[in-house]
Amino acid sequence: MNPLGATLLGVGAVALGVASAVGQQARGAPGFDAEQVAKILTHSPLGPPPADPTNTWADDPRAARLGQRLFFERRFSANGEVSCATCHVPDRNFTDGESIATGLQRGERHTPTLWNAGYQRWYFWDGRADSLWAQPLQPLESAVEMGGSRAGIADLLREDPRLGAPFAELFGPLPAPDDAPGIDRAFVHVGKALAAYERRLVSRRAPFDVFVEGLREDDSDKRAALSPAAQRGLQIFIGKGRCRMCHGGPNFSDGEFHGTGIAPLGGGNLTDPARYRGIQRLLADPFNAKGAFSDERDGQAALALETLARGPETWGEFKTPTLRNVALTAPYMHQGQMATLADVVRFYSTLEGSAPPGHHQEQVLRPLGLDAGEQADLVAFLESLTDVDVDPALLVPPPD
Amino acid sequence: MRIRPVVLALTLAACGADRYAEPPPPPAPEAPRTPDAAPAAPIAPIARTAPAAPPAWQGAAATLSNAGHWDVRWTSEPAPIPENEPFALTVWVLDRDGELADVDLSVDAAMPEHGHGMNRVPRIVEREDGGFQVDGLLFHMPGRWELYFDVTRGALTERAQVEVVLE
């Protein structure tokens, strides 16, 4: 931070502190000291999604447009009725509102939102894919989800010029039916086009971000973007709530994996190996960042793959989801075990029903002991992370 | 510098036992002044006074191993160590005399209060300058980390450690 910025923040912190001294008794807005302000600033602004050098077409608008069409394409599925949008419903913030996803069959985990998917390092709750383009290739051929095949997808690309023409323009001639390597490449290109579309689903100017601008600029009008309750919740978020341990950075996720100990949907012992199995599958995936279909096989993504630690502590660990737009993506947790944000905050406040970690597992969680007012404030803060101001044209199939 | 050996020869001759017995021998013909000519032997002591190149670890952080046998010098890229972004280290291990040591190195890190370490096992390769290149590190959470340099020579391993607090 430059000295001027530090000075302005210092003034802002003092000003807020004065307000706090008066306001705390009436449960008004809290004050933030310099250390707290420094923590808050690490959460905003959120820049554009990081580059993905494993996908040459990641930021190609033509690929994004094609990917948007493919996203709504139901004919890729075995029964012609399931598309990506079946579970990742645009009108429902790219979730389905259900605890467990259902494609051709009922799955095992909750549908995560696609908001800010382009910021993730790993994909799926267990991180079994390491790029946004490799991720959709699995549901396309999963018997539980879409049940399609890469050969069937290539057939459809050849048969429908609305798909095939823009595809060939971007990626070259379509493969012949007996060209298995070419069909593999076309399959990958479908994933890379889908990723180009999904990278555009960005949420990054919520009321919280306006508040942070107000801190940086010492602008009280902008700081008013957060209600007093949300500001109190923010203080808990960066303090006694310990939320930012895992929900760190401007996307409110470390992108890594942690054990919550939360019981499966039907109760009982933990059953899902999660990251432990996810790493196995990732390393065996021919579409990972070191594989033949990656456009950069020796970059940071490949290095991350090469250096992954797969110890016993990874058993039962799930990926930290983003908190941006979290108020709109109920239910919560990897199996939708929690119906509301209030339920989630109550869970972390007591850890009731949580399986304690073993000797080999991280000891991050401990009951927060938040009272009812603090829990409500924390929910108010989480609700301030909502921004769905995206081009509405991205939420429907593109026009022909 | 090329004159100096001639003067030296004349001086030695003047100190001989019978200074009138024989005339001093003529000076040796001067070496051709070509850039590629090898320097004459007496030049070497003079060359030693020229400033030596700074060691590769100059300016690096220094961490003494826990039993005091090794002086671990290290830099990070980027610096300072970032939160939840990949980073690399360059490490040199010096002995008590300040000389590069012939040792093996492993690098790890942990968050003692959390009971966990990194989600990575860094890749370590030796550098041509005698140091180690350590890639693939990631401190994915804020808080207090301990960074460990485990130095092994023969059957003995000794740890050097440094605290890194990310907020």
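Bear in mind these aren't lab numbers, they're just calculated from the coordinates by the rules spelled out. On a predicted model such as this, the values are computed, not experimentally measured, just so you know. For neighbour counting, all protein chains shown are included, and Cβ atoms are generated from backbone atoms with ideal geometry for every residue, glycine included.
Candidates B:Gly115, B:Val72, B:Thr90 compared by Cα position along the dipole of region B:61-166: farthest toward the positive end lies B:Gly115, with charges placed on Cβ.
Net charge around A:Gln335, counting only other residues with Cβ within less than 10 Å of its Cβ (Lys, Arg = +1; Asp, Glu = -1)?
Numbers: positive: A:Arg109; negative: A:Glu108, A:Asp272.
So the environment of A:Gln335 carries a net charge of -1.
Just checking the listed ones, A:Pro53, A:Pro207, A:Pro161: in the Gaussian network model of chain A with Cα springs under 10 Å, the one fluctuating most is A:Pro161. Take the Cα of B:Gln58, step 7 Å toward its Cβ, do the same at A:Ala372, and the gap between the two points is 6.9 nm.
Return the average number of partner chain Cβ atoms within 10 angstrom of each residue Cβ along peptide B:135-143. The shielding value for this peptide is 6.
Helix A:180-198: angle to the longest alpha-carbon principal axis of chain A, degrees 0 to 90, nearest 10? Relative to chain A, helix A:180-198 is tipped by roughly 30 degrees. Taken about its Cα centre, chain A carries a charge dipole of about 420 debye when Lys and Arg each add +1 at the Cβ and Asp and Glu each add -1 at the Cβ.
Computed from the Cβ-Cβ distance with R0 of 22 Å, the FRET efficiency linking A:Arg74 to A:Ile100 stands at 0.60. Peptide packing: for A:374-382, B:123-131, A:330-338, the average count of neighbouring Cβ atoms within 10 Å per residue gives the ranking A:374-382, A:330-338, B:123-131, highest mean first. Using the alpha-carbon positions of region B:61-166, Rg (one decimal) and Dmax (whole number) come out as 13.3, 38 Å.
Once region A:102-209 is represented by equal point scatterers at the alpha-carbon sites, with solvent omitted, what log10 I(q)/I(0) does the Debye formula produce at q = 0.09, 0.11, 0.12 Å⁻¹? Each listed q maps to, in turn, -0.28, -0.42, -0.49.
Percent relative contact order of region B:61-166, based on C-alpha pairs within less than 8 angstrom and at least six residues apart? Please list the in-between numbers first.
On the way: 238 pairs, mean separation 31.2, N = 106.
Normalised by residue count, the contact order of region B:61-166 is 29 percent.
For q = 0.10, 0.12 Å⁻¹, what log10 I(q)/I(0) does chain A give under the Debye formula with an equal point scatterer on each alpha carbon and no solvent? Result of the Debye calculation: -0.71, -0.99.
Calculated FRET efficiency, A:Ala393 and A:Arg162, Cβ-Cβ r, R0 22 Å, to nearest 0.05? Don't skip to the answer; put the middle values down first.
On the way: r = 17 Å, r/R0 = 0.78.
So, using R0 = 22 Å, E works out to roughly 0.80.
Across the options A:Asn288, A:Ala58, A:Ala101, the greatest Cα extent toward the positive end of the charge dipole of chain A (unit charges at beta carbon of Lys, Arg, Asp, Glu) belongs to A:Ala101. The value of relative contact order for chain A, using C-alpha pairs under 8 Å at least six residues apart, is 22 percent.
Residues of region B:111-143 with backbone nitrogen within less than 15 Å of a virtual label 7 Å along the Cα-to-Cβ line of B:Thr152, please, listed as ranges. Under 15 Å, as judged by backbone N against the label point of B:Thr152, lie B:122-126 of region B:111-143.
Quick check: net charge around B:Pro78, other residues with Cβ under 15 Å of its Cβ, Lys/Arg +1 and Asp/Glu -1?
Numbers: positive: none; negative: B:Glu77, B:Glu83, B:Glu85, B:Asp135.
In short, -4.
Comparing mean-square fluctuations of A:Gly97, A:Gly358, A:Gly191 from a GNM of chain A with C-alpha springs under 10 Å, the top value falls on A:Gly358.
Per DSSP helix of 4 or more residues, -39500 (n - 2.57); summed, then divided by the residues of chain A. What does that give at 222 nm, rounded to the nearest 500?
Value at 222 nm, helices only: -11500 deg cm²/dmol.
Between region A:128-156 and region B:113-129, the C-alpha centres lie 34 angstrom from each other. Within the shell defined by Cβ-Cβ distances under 11 Å, the residues around A:Glu362 carry a net charge of -4, with Lys and Arg each +1 and Asp and Glu each -1. Between B:Asn66 and A:Ala38, the FRET efficiency estimated from the beta carbon spacing at R0 = 30 angstrom works out to 0.40. The dipole here belongs to region B:61-166: it is taken about the Cα centre, uses +1 on the Cβ of Lys and Arg and -1 on the Cβ of Asp and Glu, and is about 240 debye.
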